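The values are calculated or read from the model by the stated rules, or taken from the named source; none is laboratory data. Small disclaimer: the values here were computed from a predicted structure and weren't measured. So basically every Cβ, Gly included, is an ideal-geometry build from the backbone, and we count neighbours across all protein chains shown. With ligands, DNA and RNA removed, areas are computed over all heavy atoms of the protein, side chains included. Shrake-Rupley method; radii C 1.70, N 1.55, O 1.52, S 1.80 Å.
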Amino acid sequence: MLKDLAAMKCKLLIIWHSRTGGSAALAEAAAAGAGDAARRVAADDVTPEMIKAAAGYLFVGPENLAALSGAMKEMFDRCYYPCLGRIEGRPYATIICAGSDGENAQRQLDRIATGWRLRRVADPVIVNTDAQTPEAILAPKTIAADRLAEARDLGAALAEGLTAGIF
């Protein structure tokens, strides 16, 4: 058991969910920027132990129907109380992949992070794919190179801040 917990330890835990590939590409870019300091884990696979073992967090997910995706919300539902009072003050950042707005998903995530008493250390990133029709919403997403670079830079900055003890 201790060996399993030690294997889960990381500086930056990147928790992500994606239906059409946009959030997956952004999480992958952030992980590439963070390098060995990060562990990228799909929301369905995240456990409270992983959250407690990490020094900081990057939450990457889509906005679905003006809210966090169900898988991200379910991860928070499953992990919220086991982590409550055990991760206070740790840094976090967010990337929301949205078809038009993303603000409500961002607000929802920030409210959850406030309950955990996490500390935002980077401005929210909202990537708008302009998907407005059913076909466009359900289609695989391609994220522009400059937005992937922004995600990569955010991952690198979070990892560096955690490594240097800034956060």
### Message
Could you identify which residue out of 74, 63, 28 has the top mean-square fluctuation in a GNM of the chain using Cα springs shorter than 10 Å?
### Response
74
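Exactly which chymotrypsin sites (Phe, Trp or Tyr not before Pro) in segment 53-125 are in a DSSP loop and have at most 13 other Cβ atoms within 10 Å?
Numbers: sites: 57, 59, 76, 80, 92, 116; in loops: none.
Filter output for segment 53-125: empty list.
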### Query
Leaving out ligands, DNA and RNA, what percent of the accessible area of the chain is carbon and sulfur, probe 1.4 Å?
53
### Task
Mind counting lysine pairs for me in the chain? Cα separation below 24 Å, and the two need to be 8 or more apart along the chain or on different chains.
8
### 5 angstrom amide H check on residue 60, placed H, neighbours 5+ away
15, 16, 17, 95
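Send over a whole-number figure in Å² for the accessible area per residue of the chain, probe 1.4 Å.
On the way: 8220 Å² over 167 residues.
Ligands and nucleic acids excluded, the figure is 49 Å² per residue.
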### Query
Which angle between 0 and 90 degrees, to the nearest 10, do you get for helix 70-83 versus the longest principal axis of the chain when only C-alpha atoms count?
20
### Summary
Scoring segment 1-128 by relative contact order with C-alpha pairs under 8 Å, at least six apart, yields a percentage of 25
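From the P(r) of the chain, can you give the percent of Cα pairs sitting at distances over 22 Å?
37
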### Query
So what J values fall out for segment 157-164 if you push phi through Karplus, 6.51 cos²θ - 1.76 cosθ + 1.60 with θ = phi - 60°, rounded to Hz, Gly and Pro as x?
5, 5, 4, 5, x, 5, 5, 7
### Query
How much solvent-accessible surface does residue 10 expose, in Å² to the nearest 10, with a 1.4 Å probe and all protein chains in place?
20
